[in-house]
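What follows draws every value from the coordinates through simple rules; no lab data is involved. What you see is a predicted model; the values in this text were computed from it and never measured. With ideal geometry, Cβ positions are generated from the backbone for all residues, glycine too; neighbour counts draw on all protein chains shown.
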Amino acid sequence: MIAITRKFLVLFALTAVAAGLSACAEEEQNRVLSYQKGTYLGKVDQQLSEDQLRTLIIRSNAQRVK
């Protein structure tokens with residue numbers, strides 16, 4: 001009985017370790033974990049080009065309710 005319980009616990013521990021190691025997705029690594037209230041600590045946004053800005057203005061104007 002003790003041998004079966006020991007095998008079960010070893011199997012459970014190996015499964016838990018494997019699940020724990022595979023749970024960390026690559027995109028979640030090296031992300032900001034300590035936050036400062038009122039301050040954005042992420043990547044800097046890219047500036048929109050004139051063409052992109054014009055396209056967004058046209059799309060937003062088309063969505064207006066008259």
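Just a few scattered comments:
- Angle in degrees between helix 2-22 and the longest Cα principal axis of the chain, rounded to the nearest 10: 20
- For the chain, calculated [θ]222 nm from helices alone, where every DSSP H run of n ≥ 4 adds -39500 (n - 2.57): -17500 deg cm²/dmol
- Radius of gyration and Dmax over the Cα atoms of the chain, both given in Å: 25.7, 77
- Pair TYR35, GLN63: separation of 7 Å Cα→Cβ label points (nm): 2.5
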